[in-house]
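The structure under discussion appears below in the form of structure tokens.
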Amino acid sequence: MDRGKSRLRSFLLTLGAASALFLSGCSPDYIVLNPAGPVAREEMYLMILSTVLILAVVVPVFALLIFIVWRYRDRPGNPAAYRPEWAESRVLELVWWGIPIAIVGVLGFYTAKTTFALTEPPESNVQPLTIQVTSLDWKWLFMYPDKGIATVNYCEIPTGVPVQFELTADAPMNSFWVPQLGGQEYTMPGMAMRLWLQADQPGTYYGHGANFTGEGFAHMSFDVVAKSPSEFAQWVNQIKTSSSGLTLAGYQELKKPGVMGTVSYSSYPPGLFEDTVWVNGGRYFPDMMHMDRQANGGAGAAPGDPNAMCSPPMR
Amino acid sequence: MLEALRNFADTYLMWHEGPLIWGSDALILLTVIGIVAVLTYFKKWGWLWREWLTTVDHKKIGIMYMIAALLMLFRGGVDAELMRTQLAFPGNHFLDAEHYNQIFTTHGTIMILFMAMPFIFALFNIVVPLQIGARDVAFPFLNAVSFWLFFFGALLFNISFVFGGSPDAGWVSYPPLSELEFDPGPGENYYLLGIQISGIGSIATGINFLATILKMRAPGMTLMRMPLFTWSVLAASIMIIFAFPALTVALALLLLDRIAGTHFFTMLHGGNPTMFVNLFWIWGHPEVYIVVLPAFGAFSEIVATFSRKRIFGYGSMVSSLMLISIISYFVWVHHFFTMGAGPDVNTFFAIASMAVAIPTGVKVFNWLFTMFQGRIRLSLPMLWAIAFVPCFAIGGATGVMLAVAPADYQYHNSYFLIAHFHQTLIGGVVFGMLAGMYYWWPKMFGFKLDERLGRWAFWFFNAGFYVCFMPQYALGFMGMQRRMYVYPADLGWGPLNLVSTIGAYLMGIGFLFIVAQVVYSIRHGERDLTGDPWDGRTLEWSLPSPVPHYNFAAIPTVTDRDMWWVLKNEGRTEDLQPKSADLKPIHMPKNSGAPFLIGVSFFVAGFGFVFNWWLPAVAGLCGVAACLAWRSFQYDDEYSVPVEEVMATEISLGRL
Ligand code: HEM
Ligand SMILES: [Cu+2]
Ligand SMILES: [Cu+2]
């Protein structure tokens, strides 16, 4: 079982490398095909598997089409058979009902497996890092609840450590996408979504909002910088000592629509993320917040608090 | 006074925006003046009213749908060329964010709702009654209402460009972005009302054709003797009836949010935007099959005719149509796998989405084996049908790739997705509608479209298609997101975008060739004197071209699936010629101005709601009510065509 799995792996890997090479001519620009972490890699395997499987249908279709059109052209004296009333064949039809069903079976199996696998942290024996992300018009705010620091339009992560991104929006919904680390997930007002990503190698990875949010959307790119854990710890300390803090007033300012560069904050109002989720609708769908507010330290207004409607319940 | 005028011009006519708007205003004004002048000079107003605006004849309504669809293909195409021009180079300044956002929104909306929908309705109308041996649709008056609702809905949507501003929240128009808070202008209201008005018409069309196909078939035409195009219309009609109400509700609730201050989908006060997303796609996914199934139907007719062979696996073809229309209700979540529905939900919808590909794949093989051991003539309709096969095979294949939920986390919202749906929508729907247009054109107008110009159009459009969209798959792998009006140079996206733009221009040239072809053929196209220019197989080819307004002088009795083909083979074509002894007076529906006036009233009401101007809104709704009341007291809505007139017509056509 395990042997078979690893054989499939290595087969896919070779094929993947070959097709990536073919597609890109070695160009690193094909970032989706140059994964830098386990999540993106899993997803790429599935892309390759699905490509191979569909080629099993597409190639015969092309071949048949070319052959048939060439062979049965209505030319004078064409010697090919002509059977105008031949219109049924149980066997043939079984073949082309059967093959696609088999393909969907195989692909469906691996899809289900990976879909479930990706809801778990990629690396299970390392303490994960949580980063809370709020998409704003038109910028990204990253908060590190364990470190107390925050950044705008870039974030840093340690390599080899699974990172749980918790995502929400304090603006129209966007989508958080870092192609080399893994696929995207929507950021939605009033909900906290989870996305596991992990970087294996140090590097700077391109990220961008993927769901349209209006005028400044095209400028919503950010970098995810992966560093060794020790360098990452250094960076955290440096932000703590050399930057100023984000205040509530500062957050209200940040929220105003606009495009900006990168910023770092040594601190931010605790529970800012949870309160944002709460105010934007989490209060009505507590189960949709996918998290225990108390455990995360958010102390927003109690449900039904009339003040909370208009003024966010943040200290 | 002058100040007030200036103010008006700046607020509503957007004259501060500069030459693009002034140019469009001038162009529109000139066109209107031109049309009015021509109609007046040639004294054609009465003709326009009697023959077209009040008609309830399905063939004329079909022709009007087709003209509207071609005009909208032009408008959506211009939008596309503008976008591609902006994207040709990194950091380009041809369009700014505001304009780009408006243009992709109008492009997407127009292409799906005001191009693809009327195009399929054109073929529904022109073909179905003739194929099933009927004299009209089940509800001719309602049919005209549908058309005018579509027409005025589309008009309302289109005037946003020069009056008040276009919508700019994407064709899916997700809240909260499309809520008042983030999108205060009238544009979004235009979107909601334009689609809503034409959508009512679409539901009525679905009902109409379902009833027509179930109730109006000629004697002997059992369901399993129905031509496959009619089957595809049956499937599409059922889907319309079940899918469109979801859209109606979604649009209505969002409109209430915007004009009545409710909070169905707002960010604050308990609104839930994901509800809209679900409702939209519960309609949206079936919608793409609604537009593509009739294309499949057209291909089935064309492939059989031009291979001179029976369609292969008729039973499979019918069951795959029905399977598609059922499964496609259970796939809508694949448009938002990344909204965190959970792995169980995503797995279900992923596998269902892959499963839709199975019956679709079966159809492709059946078309291939229809050609196998046939005699293939590469006339224009067949050229487009053949080009469809590889194009749709790739588009369907990339669709299966997108259905793999975890992989979709990487494809979603990227240019990979853009390439995929253009490949299915253009390769499927546009190719299908063009093939159908070329195929049934002689039946509508009595002449063929010129082959030579048509081949130029074909090659430009096809080559352009691949040059335009293949690079976009690669751009998706490079991480390029959709709906970006500008992109930086350092990501390496520049060259492929330039290639893609060149492809779009080639397609544009292809379209111009089609225009040239139509204009040229009106004068010089080969006349169709037999009524059967392609050696057809089904009932419509037994009639003269163009078809007399009552279609069949005597209703035929059907004994075979490929009725006309069989009769031709057995030398019994005169079985379908009318005999003077059999002729009876024919009951036909009377023309009516009410459908047109209902459309106008809806337009006025919609316009009022767009700007929250209550006077026109109420006046328009009263107009609708008045027309309905007037109509409900019209008891005398049929007339009888006397035998002598039928006889005279048939004799003049050489059929008696
Ligand atoms: C000449 C052929 C066409 C070209 C060059 C073209 C080009 C484009 C471009 C550049 C975009 C915007 C991409 C972005 O910025 O996200 C777009 C979006 C779109 N196109 Fe087309 N298109 C063509 C034909 C069609 C047709 C025939 C249909 C439908 C039947 C269609 C449906 C759409 C839709 C639904 C969108 C999405 C709009 C949105 O994001 O809200 N297009 N197209
Ligand atoms: Cu959620
Ligand atoms: Cu879909």
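The values are calculated or read from the model by the stated rules, or taken from the named source; none is laboratory data. Note that this is a predicted model, so its numbers are computed, not measured. Every residue, glycine among them, receives a Cβ derived from its backbone with ideal geometry; neighbour counts consider all protein chains shown. For the accessible areas, the whole protein counts, side chains as well, though only heavy atoms, and no ligand, DNA or RNA atoms are used. Shrake-Rupley method; radii C 1.70, N 1.55, O 1.52, S 1.80 Å.
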Answer yes or no: is there a residue in region B:593-604 that is among the hydrophobic types (A, V, I, L, M, F, W, C), open to solvent by 50 Å² or more (accessible area, probe 1.4 Å) and at pLDDT below 95. no
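For region B:522-635, which fully contained helices (runs of 4 or more DSSP H) count at least 2 residues that are assigned by TED's automatic domain parsing to the domain that holds B:P186 and in contact with an Asp or Glu (Cβ under 9 Å, 6 or more places away or on another chain)?
Hits in region B:522-635: B:563-569.
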Within 29 Å of A:R71 (Cβ to Cβ), in contact (Cβ under 8 Å) with a residue 24 or more places away in the chain and in the same structural domain as B:L425 (by TED's automatic domain parsing): does that describe B:T274? no
State all residues of region A:217-234 that are in contact with a helix residue (DSSP H, G or I) (Cβ under 7 Å, 6 or more places away or on another chain) and part of a strand (DSSP E or B); if no residue qualifies, say none. A:K227
Taking the condition in contact (Cβ under 8 Å) with a residue 40 or more places away in the chain and out of contact with any Gly (no Cβ under 8 Å at 6 or more places or on another chain), does A:D170 pass? yes
Which of (1) open to solvent by 30 Å² or more (accessible area, probe 1.4 Å); (2) touching a residue at least 12 places away in the same chain (Cβ under 8 Å); (3) assigned to a helix (DSSP H, G or I) is the odd one out, the single condition B:L30 does not satisfy? (2)
Just give me the residues in region A:250-303 being open to solvent by 50 Å² or more (accessible area, probe 1.4 Å), part of a helix (DSSP H, G or I) and at pLDDT below 55, in sequence order. A:M288
(1) in a helix (DSSP H, G or I); (2) touching a residue at least 60 places away in the same chain (Cβ under 8 Å): which one isn't true of A:I157, the others all being true? (1)
Enumeration of residues in region A:169-188 that are open to solvent by 10 Å² or more (accessible area, probe 1.4 Å) and either outside the structural domain of A:L141 (by TED's automatic domain parsing) or more than 11 Å from the chain's Cα centre (by Cα) (or both): A:D170
Scan region B:453-505 for residues that are closer than 22 Å to B:N92 by Cα and of a type in the set (S, T, N, Q) and jot them down. B:Q472, B:Q481, B:N497, B:S500, B:T501
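Looking only at region B:297-317, filter to residues that are open to solvent by 10 Å² or more (accessible area, probe 1.4 Å) and not hydroxyl-bearing (S, T, Y); which one of those is nearest to the other protein chains (Cβ to nearest Cβ)?
Going through the qualifying residues, I end up with B:R310.
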Out of B:S353, B:S414, which single residue is within 8 Å of chain A (Cβ to nearest Cβ) and within 30 Å of A:E166 (Cα to Cα)? B:S414
In region B:318-356, which residues are within 16 Å of ligand 3 (Cβ to nearest atom), surrounded by 21 or more Cβ atoms within 10 Å (Cβ to Cβ) and under 16 Å from A:A117 (Cα atoms)? B:F337, B:T338, B:N346, B:A350
Would it be correct to say that B:P359 is facing chain A (nearest Cβ under 10 Å) and open to solvent by 20 Å² or more (accessible area, probe 1.4 Å)? no
Please go through region A:81-106 and give me each residue that is part of a helix (DSSP H, G or I) and within 7 Å of chain B (Cβ to nearest Cβ), ordered by number. A:L92, A:E93, A:W96, A:W97, A:P100, A:I101, A:V104
If a residue must be in a helix (DSSP H, G or I) and open to solvent by 10 Å² or more (accessible area, probe 1.4 Å), how many such residues does region B:374-386 contain? 2
Of the residues that make up region B:553-565, is at least one within 17 Å of B:A218 (Cα to Cα), open to solvent by less than 70 Å² (accessible area, probe 1.4 Å), touching a residue at least 24 places away in the same chain (Cβ under 8 Å) and of a type in the set (D, E, K, R)? yes
Output the residues belonging to region A:195-216 that are in a strand (DSSP E or B) and either touching an Asp or Glu at 6+ places or on another chain (Cβ under 6 Å) or away from ligand 2 (no atom under 16 Å from the Cβ) (or both). A:L195, A:L197, A:G203, A:T204, A:Y205, A:Y206, A:G207, A:H208, A:G209
State the number of residues belonging to region B:617-638 that are of a type in the set (S, T, Y) and open to solvent by 90 Å² or more (accessible area, probe 1.4 Å). 1
Specify which of the listed residues (B:I302, B:I311) is of a type in the set (A, V, I, L, M), more than 16 Å from ligand 2 (Cβ to nearest atom) and touching an Asp or Glu at 6+ places or on another chain (Cβ under 9 Å). B:I311
Mind checking which residues of region B:263-312 are among the β-branched types (V, I, T) and more than 14 Å from ligand 1 (Cβ to nearest atom)? B:T266, B:T274, B:I282, B:I302, B:V303, B:T305, B:I311
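Residues are listed down the side, and each one gets a yes or a no for (1) of a type in the set (D, E); (2) modelled with pLDDT under 95:
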{"site": "A:L167", "(1), (2)": "no, no"}
{"site": "A:A192", "(1), (2)": "no, yes"}
{"site": "A:D200", "(1), (2)": "yes, yes"}
{"site": "A:T204", "(1), (2)": "no, no"}
{"site": "A:A210", "(1), (2)": "no, no"}
{"site": "A:E215", "(1), (2)": "yes, yes"}
{"site": "A:S221", "(1), (2)": "no, no"}
{"site": "A:Q234", "(1), (2)": "no, no"}
